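> I'd like to ask some things about the structure below.
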Amino acid sequence: ELRAQSPAPQPPPQARVVSSTRGEANTATAKATPPPDERTLPPGEEKISHDMAMARLAAEIHLRSERYAKRPKRKFVSASTTEYAWAGYLREWVDRVERVGNLNYPDEARRRRLAGQVVISVAIRRDGSVEDTGIVVSSGIPLLDASALRIAQLAEPYPPLPKSDDDPDVLHVTRTWAFLPGGELVDR
């Protein structure tokens, strides 16, 4: 059985204040300081419970920091990216998207001569597989937005990511795709 001990109570120290007024010395005693809290340490069971809670928190912090260290390294590119390692990859990526997009252009959009631009983000893993897709700016036409997401998935797998100084685990590509009234998909 564990028992916490508290220190033995000590008498409070007396403070002395000395001041002189016209050569007279006055001694005054300050108010006694209150006695220390009798429960400075929690009783045994509370201490054990407290220590266990602290151990759980320490373990959770350790786990979170390990997860943080293992999180995928990400790189973000767009149409304005001119970095040598990514410019060639993006050209290849655009060619693939346009080819797949035009082969799988939505029939209803072609029939209704729907047109619009959608800004799409595609997260590509190192091996070329798609981690995630999302609409950044909607075309305002749900059919075209859904078609853009579908085409991004159909074009998978993309080429594996090239080796670069950043060497990301996931590449986020943000591009503007234009659905033209004649039934053509163009990357802008």
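> Show the residues, 5+ positions off or on another chain, whose built amide H is closer than 5 Å to the amide H of residue 104.
Here nothing satisfies the definition.
> Counting alpha carbon pairs within less than 8 Å and at least 6 residues apart, what relative contact order, in whole percent, applies to the range 50-188? Mind dumping the intermediate values first?
Working: 219 pairs, mean separation 47.4, N = 139.
It rounds to 34 percent for the range 50-188.
> What is the calculated FRET efficiency for residue 83 to residue 146, with r their C-beta to C-beta distance and R₀ = 45 Å, to the nearest 0.05? Kindly include the intermediate steps, with their values, before the conclusion.
Numbers: r = 32 Å, r/R0 = 0.70.
That gives a FRET efficiency of 0.90.
> Let me ask another. Multiplying the sequence separation of residue 137 and residue 111 by 0.36 nm and subtracting their Cα-Cα distance, what value in nm do you get?
7.0 nm
> Report the relative contact order of the range 107-188, percent, no decimals, based on alpha-carbon pairs under 8 angstrom and at least 6 residues apart.
40 percent
> Taking a probe of 1.4 Å, how large is the accessible area per residue of the range 82-188, in Å²?
About 50 Å² of surface per residue is accessible.
The values are calculated or read from the model by the stated rules, or taken from the named source; none is laboratory data. Since this is a predicted model, take the numbers as computed values, not measurements. Note that we place each Cβ from the backbone using ideal geometry, even for glycine, and neighbour counts take in every protein chain shown. The accessibility values were calculated without ligands, DNA or RNA, using every heavy atom of the protein model including side chains. Shrake-Rupley method; radii C 1.70, N 1.55, O 1.52, S 1.80 Å.
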